[in-house]
Amino acid sequence: MTAKEMNERLSAAKQQKIKVYPCRNLRASNIGHPCERYLYLLIEHWDEQEPHDVGLQNIFDLGNTLEEHTIKNLKEAGYEVITPTQYSFQIKQPYVTGREDLRIRDENGELIPVEVKGISPFEFDRLNTIEDFFRSKKYYIRQYPAQLQIYMYHFNKLYGFFALTNKLTGQTKMIRMDFDWDLADELLKKAEYIYQCLESKTVPDAVEDAALCEGCSLAHVCGQCKRIPTDLELDGELDDLIRKKYKLKTAVDEYSKIDQEIKQKVGEREKILTGEYLITRTQIHKKAYTVHERVENRISIKKL
């Protein structure tokens with residue numbers, strides 16, 4: 001038995017779990033997807049979807065484990081957690097189905113819907129309010145609030161919670177979302193529009209955001225799929241690092257300027273006592289050296 005053989009068996013076991021399931025109607029989990037064309041094709045051409053890969057199957061399976069871990073965290077904190085015996089529900093008009101994760105009982109005895117999400121450490125730090133969801137660069141995070149809104153609409157609840165669990169640390173934090181009738185009404189009208197398109201066989205237009213087309217399981221049947229040049233790679237997390245770099249640059253420039261002023265003010269003096277600091281000046285002799293030939297990579301960053 002070798003590690004290679006074991007890894008192949010592990011991968012094969014996950015591969016056997018990969019299936020393309022029928023999608024006959026809109027769901028709470030996908031109604032927030034920004035591309036109406038995708039939602040249309042998902043119902044009309046569900047059997048033509050490209051199956052997801054083993055990596056994504058591992059993520060799905062991990063999500064089930066994280067849900068159990070999240071429930072454990074909530075119970076340890078003293079909350080009464082109810083996992084509904086009848087998970088699935090349906091809104092009749094327009095037809096939207098859903099599946100609850102769990103509910104917790106609040107101080108008034110009310111059962112409040114909770115949607116569990118396993119989140120990367122980076123997103124876990126970024127998401128602290130519902131507004132952060134809507135501002136996210138990742139479309140699947142922007143569509144999460146729609147799912148919880150549908151739950152609140154169906155069960156007539158004034159508020160609900162996201163239970164976000166950090167995939168790295170296992171930490172869970174709660175984010176409250178109040179019921180927003182305008183958002184719920186917008187989602188229901190969107191559902192009505194998709195069903196009208198399905199009835200009339202009128203395919204909606206695709207969104208302009210090419211990032212949504214990358215990795216789309218129905219890109220090959222879309223006809224309006226927008227492609228990103230093959231030599232470009234999307235990475236929204238780099239935006240935050242670059243912004244931080246530019247912010248720190250002004251601090252570095254200011255630091256260098258003040259450091260030079262301090263050196264000029266110290267001059268040739270070897271020891272100086274200020275009200276708060278002791279300053280000493282020493283000389284360091286640096287030896288000359290020759291830089292060996294080498295290849296360096298330089299990165300050019302331009303604002304879009």
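The values are calculated or read from the model by the stated rules, or taken from the named source; none is laboratory data. Quick caveat, the model's predicted, so the values are computed rather than measured. Positions of Cβ are generated from backbone atoms using ideal geometry, with glycine treated the same way; all protein chains shown enter the neighbour counts. Remember, those area values only see protein heavy atoms, side chains included, never the ligands or the DNA or RNA. Shrake-Rupley method; radii C 1.70, N 1.55, O 1.52, S 1.80 Å.
Quick one: what pairs do we get from region 154-180, first residue in contact (Cβ under 8 Å) with a residue 24 or more places away in the chain and more than 30 Å from Gln90 (Cβ to Cβ), second open to solvent by less than 70 Å² (accessible area, probe 1.4 Å) and part of a loop (DSSP other than H, G, I, E, B), C-beta under 7 Å, 6+ apart or different chains?
Here the result reads Lys167/Ser120, each pair linking region 154-180 to a residue that is open to solvent by less than 70 Å² (accessible area, probe 1.4 Å) and part of a loop (DSSP other than H, G, I, E, B).
Restricting the search to region 169-213, which residues are small (Gly, Ala, Ser) and open to solvent by less than 60 Å² (accessible area, probe 1.4 Å)?
Initially, region 169-213 is screened for residues small (Gly, Ala, Ser), giving 170, 184, 191, 200, 206, 210-211.
Listed by number, the residues that qualify are Gly170, Ala184, Ala191, Ala206, Ala210, Ala211.
Of Ile150, Ile175, which residue is under 21 Å from Glu110 (Cα atoms) and either hydroxyl-bearing (Ser, Thr, Tyr) or not in a helix (DSSP H, G or I) (or both)?
Details: Ile150 fails: either hydroxyl-bearing (Ser, Thr, Tyr) or not in a helix (DSSP H, G or I) (or both).
The unique qualifying residue is Ile175.
Test Gln16 against the criterion of being under 22 Å from Gln149 (Cα atoms) and exposed (fewer than 15 other Cβ atoms within 10 Å of the Cβ), and give yes or no.
On the way: under 22 Å from Gln149 (Cα atoms): no; exposed (fewer than 15 other Cβ atoms within 10 Å of the Cβ): yes.
No; evaluated as a whole, the condition is false for this residue.
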